[in-house]
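The values are calculated or read from the model by the stated rules, or taken from the named source; none is laboratory data. Because the structure is a prediction, the values reported are computed rather than measured. Don't worry about glycine lacking a Cβ; one is built from the backbone with ideal geometry, like all the others, and counts go over all protein chains shown.
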Amino acid sequence: MQQQSQNQMKNDTMYHVDSAKFNHGGHELMDLHETLGAMIGGLDQCVLLRDRIQDNELRNIVDRQYKFALDDYNTLVEAFQTGKDPSQPTGHYEMTENNKFTFGVQPGQPKKPITQANEINDEIISGFILSWHKGLATLKATAATETTNPVVRRVLADSIPNCIEMAYEISIYQNRKGYYQVPQLSSQDTVIITNCYAPATTGTTHQSSQFN
């Protein structure tokens with residue numbers, strides 16, 4: 001019994017929560033495990049599919065996003081394993097696409113799953129990449145709200161806008177190629193919905209003082 005107590009004290013000393021390296025809660029560990037796994041899955045997918053890309057423009061986008069995402073992965077791993085500021089801080093992804101979307105839906109062939117590997121095309125590949133960025137943005141946001149280590153939380157939070165930016169770049173590319181169509185409501189409905197809201201106003205003096 002005494003030996004067991006001594007071993008427990010030894011373990012508590014080795015993995016003390018005040019140590020930056022081990023300052024992680026259970027929820028954080030599992031969420032980071034899932035997030036990093038998803039990052040690896042997307043990076044692997046880029047490697048596997050790159051040679052199947054036909055459009056040079058899409059290949060350049062994927063290459064640029066892959067390099068950035070790989071650096072982002074290494075930054076998060078370092079912060080997660082050390083609990084300290086990473087040697088390479090989170091970068092800021094800047095897309096090369098403009099912000100122009102074409103609205104409207106044109107009829108086309110119904111979508112269905114492929115049955116042969118040789119059916120993979122640029123539309124499918126860009127769809128994979130878009131889904132990867134969308135999923136990572138959600139995973140990272142969830143993980144950040146569950147993270148106790150302040151450095152890891154900040155690295156996660158800072159990287160979410162990059163997922164959004166890369167997803168936006170891919171979606172603009174897809175829209176221009178006709179892969180990603182964007183339906184739009186009538187002008188009347190759009191005006192009605194955008195005017196459904198108004199700025200909040202300050203209440204009475206008594207009510208206002210309660211929140212000042």
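Out of all the residues in the range 89-106, is one or more touching a Gly at 6+ places or on another chain (Cβ under 8 Å) and of a type outside the set (Val, Ile, Thr)? Full working, then the answer.
Residues of the range 89-106 that are touching a Gly at 6+ places or on another chain (Cβ under 8 Å), as a first pass: 106.
Subsequent filtering for residues that are of a type outside the set (Val, Ile, Thr) retains 106.
Yes: one or more hits.
If LEU130 satisfies all but one of (1) within 23 Å of PRO183 (Cα to Cα); (2) surrounded by fewer than 16 Cβ atoms within 10 Å (Cβ to Cβ), what's the number of the condition it fails?
Answer for LEU130: the failing condition is (2).
For residues that are more than 21 Å from the chain's Cα centre (by Cα) and of a type in the set (Val, Ile, Thr), scanning just the range 81-118, find the one that is surrounded by the fewest Cβ atoms within 10 Å (Cβ to Cβ).
Among residues in the range 81-118 that are more than 21 Å from the chain's Cα centre (by Cα) and of a type in the set (Val, Ile, Thr), the one surrounded by the fewest Cβ atoms within 10 Å (Cβ to Cβ) is THR115.
Just to verify a result, which residue in the range 40-72, among those that are among the polar types (S, T, N, Q) and closer than 18 Å to GLU94 by Cβ, is surrounded by the most Cβ atoms within 10 Å (Cβ to Cβ)? Full working, then the answer.
Residues of the range 40-72 that are among the polar types (S, T, N, Q), as a first pass: 45, 54, 56, 60, 65.
Right, trim to closer than 18 Å to GLU94 by Cβ and you get 60, 65.
Numbers: ASN60: 12, GLN65: 25.
In this case the residue turns out to be GLN65.
Taking the condition of being surrounded by fewer than 20 Cβ atoms within 10 Å (Cβ to Cβ), in contact (Cβ under 8 Å) with a residue 40 or more places away in the chain and of a type outside the set (A, V, I, L, M), how many residues in the range 133-153 meet it?
So the answer is 4.
Mind listing whichever residues of the range 90-113 are more than 18 Å from MET166 (Cβ to Cβ) and either without any contact (Cβ under 8 Å) to a residue 24 or more places away in the chain or in a loop (DSSP other than H, G, I, E, B) (or both)? Walk me through it before giving the result.
Applying the first criterion (more than 18 Å from MET166 (Cβ to Cβ)) to the range 90-113 yields 102-113.
Residues satisfying the conditions are THR102, VAL105, GLN106, PRO107, GLY108, GLN109, PRO110, LYS111, LYS112, PRO113.
Do we find a residue being at pLDDT 95 or above, surrounded by 13 or more Cβ atoms within 10 Å (Cβ to Cβ) and hydrophobic (A, V, I, L, M, F, W, C) anywhere in the range 20-30?
No, the conditions are met nowhere in the range 20-30.
Which one is surrounded by the most Cβ atoms within 10 Å (Cβ to Cβ), of the residues in the range 181-201 that are in contact (Cβ under 8 Å) with a residue 12 or more places away in the chain and of a type outside the set (A, V, I, L, M, F, W, C)?
Among them, the one singled out is GLN181.
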